[in-house]
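A short write-up of the structure that comes next.
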Amino acid sequence: MRILFKIIILFNLSVNLVTAQQDSVEVNFTYRVDTSKKEIKEVLNLWINYLKSRPDSTYDNPYWNEAEKEFYIDKIKMFDRSAFMIYNGNNANKVLTYYKPTVLSISPVENKYLIRTLFYADSLIETHKQYRWNPPWITRVYAIVENGEWRLQNSIIQETKYWRQNNYKYINFISHPNHSFNPDLAEKSIRFCDSIVKEFNVKEVEPFDYYITTTEEEMGKLYNFDYWLSYHTGFTHVPIRQIVTARNNEYFPHEFIHLLFHIEEGNPRHIMVNEGLATYLGGTGENPFNIEIREFANEIYSNDTLTFNDILTKKYIHKYDNTPFYLTGAVICKLTYEKKGVKGIKQLLKCKPDDEMLYNLITELLGIKREKIEHQIIEEIKKYFDK
């Protein structure tokens with residue numbers, strides 16, 4: 001799984017919630033949840049049981065439907081599409097005793113029930129208070145009947161049930177009703193992918209789905225959110241061949257690169273190389289590489305102390321995104337392609353998530369001595385300064 005380049009709000013909710021004192025999860029519900037109705041009470045109990053069933057863990061959870069478990073677990077491990085954002089490596093009990101769940105409503109939708117839940121902290125630790133991280137989420141999941149029992153279901157199935165689909169070669173565009181489909185951009189996307197396939201001798205492209213929404217709120221519903229504090233403009237999920245965007249656009253070359261040069265399971269790649277290639281060949285998502293790198297060069301041109309390691313370790317970073325990190329990787333990829341061609345890029349793509357290996361490859365592929373890398377990479381970026 002890979003998070004899209006531009007994150008609108010860079011809030012990290014994955015801190016160690018050591019302030020949580022309880023080991024059990026308490027779930028409240030509002031007066032709108034009418035437990036006098038048998039089915040609503042059953043659905044409420046289903047949801048409560050799920051929240052208490054280690055939802056941060058990967059296993060055959062008895063409260064989720066079988067079809068989605070089978071589809072997701074072997075590919076991206078988590079079958080709950082909101083789990084990677086809500087828990088993000090944290091213990092679920094600690095998260096849910098800190099941000100306590102309150103069920104707002106359980107409403108019938110066709111032959112299902114929609115469960116909406118607010119997560120809210122009674123008091124915040126100082127770091128969270130400073131950035132007003134409350135509430136972080138309002139979720140929406142569905143309850144369906146499976147083999148005579150209520151089971152949970154991700155909202156993407158119901159939300160996209162009536163969306164328009166347009167197939168162009170290996171891309172299946174799935175569009176929100178508020179989006180006006182643009183066939184010219186769809187064809188442009190195919191041409192871009194075909195050009196990369198030809199130039200870099202990419203193996204046959206597996207088909208993938210491209211979900212188009214027009215706002216972050218519309219997109220959030222595809223991840224079981226009515227509201228998310230740390231909201232995003234898109235995600236790419238390589239294992240399930242899926243791109244989801246809030247950019248209201250069929251053309252997203254940065255994300256296409258991630259699918260064309262996908263990371264094989266068990267063979268991780270250095271993120272600066274992975275994002276760098278996507279930025280070099282596909283831009284940032286909003287602008288092509290040549291525009292973004294010029295702006296970055298102008299930004300750092302007078303900075304005489306900045307080093308490559310400052311960017312690599314994210315000591316130097318923008319407030320809301322990883323622009324410096326991505327663009328620096330893009331410059332390394334560009335220099336590699338200019339010096340070593342396709343063969344060099346393929347060698348660079350073998351770089352593991354090991355900074356020492358990246359340094360060694362820069363020396364090998366670009367001919368830059370180790371002791372000069374810190375400043376020479378920065379000087380390469382400054383060459384794009386718009387005088």
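Tabulated values for the structure
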read-out	value
Options A83, A67, A121: the member that is hydrophobic (A, V, I, L, M, F, W, C) and more than 19 Å from N224 (Cβ to Cβ)	A121
Entirely in the range 37-90, the helices (runs of 4 or more DSSP H) that have 1 or more residues that are polar (S, T, N, Q) and within 18 Å of E149 (Cα to Cα)	38-51
Selected residue (criterion: farthest from N134 (Cα to Cα)) from residues of the range 223-236 that are of a type in the set (S, T, Y) and open to solvent by 20 Å² or more (accessible area, probe 1.4 Å)	Y231
Residue match in the range 89-105 (condition: at pLDDT below 95, surrounded by fewer than 16 Cβ atoms within 10 Å (Cβ to Cβ) and either under 24 Å from the mean Cα position of the chain (by Cα) or more than 30 Å from S195 (Cβ to Cβ) (or both))	yes
Residues located in the range 173-217, provided they are free of Cβ contacts under 8 Å to residues at least 60 places away in the same chain, in a helix (DSSP H, G or I) and out of contact with any strand residue (DSSP E or B) (no Cβ under 9 Å at 6 or more places or on another chain)	D184, R191, D194, S195, K198
Qualifying residue in the range 319-340 (condition: without any contact (Cβ under 8 Å) to a residue 12 or more places away in the chain and among the charged types (D, E, K, R))	yes
Within the range 343-379, considering residues that are part of a helix (DSSP H, G or I), of a type outside the set (V, I, T) and open to solvent by less than 30 Å² (accessible area, probe 1.4 Å), the one nearest to E265 (Cα to Cα)	L348
Flag for F385 being in contact with a helix residue (DSSP H, G or I) (Cβ under 9 Å, 6 or more places away or on another chain), open to solvent by 10 Å² or more (accessible area, probe 1.4 Å) and hydrophobic (A, V, I, L, M, F, W, C)	yes
Hits in the range 167-222 - residues which are of a type in the set (S, T, N, Q), surrounded by fewer than 16 Cβ atoms within 10 Å (Cβ to Cβ) and more than 22 Å from the chain's Cα centre (by Cα)	N167, N178, S180, S195, N201
Restricting the range 296-342 to residues that are open to solvent by less than 40 Å² (accessible area, probe 1.4 Å) and of a type in the set (D, E), the residue that is nearest to the chain's Cα centre (by Cα)	D321
Matching entry among I144, I115, I156, I138 (being outside any strand (DSSP E or B), more than 14 Å from Y98 (Cα to Cα) and open to solvent by less than 70 Å² (accessible area, probe 1.4 Å))	I156
Only listed residue being surrounded by fewer than 16 Cβ atoms within 10 Å (Cβ to Cβ), within 15 Å of the chain's Cα centre (by Cα) and at pLDDT below 95, chosen from P288, P239, P268	P239
Among (1) within 16 Å of the chain's Cα centre (by Cα); (2) within 29 Å of F296 (Cα to Cα), the one test that F261 misses	(1)
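The values are calculated or read from the model by the stated rules, or taken from the named source; none is laboratory data. As the structure is a prediction and not an experimental result, all values here were calculated from the model. Counting neighbours? That spans all protein chains shown, and the Cβs are built from the backbone with ideal geometry, glycine included. Remember, those area values only see protein heavy atoms, side chains included, never the ligands or the DNA or RNA. Shrake-Rupley method; radii C 1.70, N 1.55, O 1.52, S 1.80 Å.
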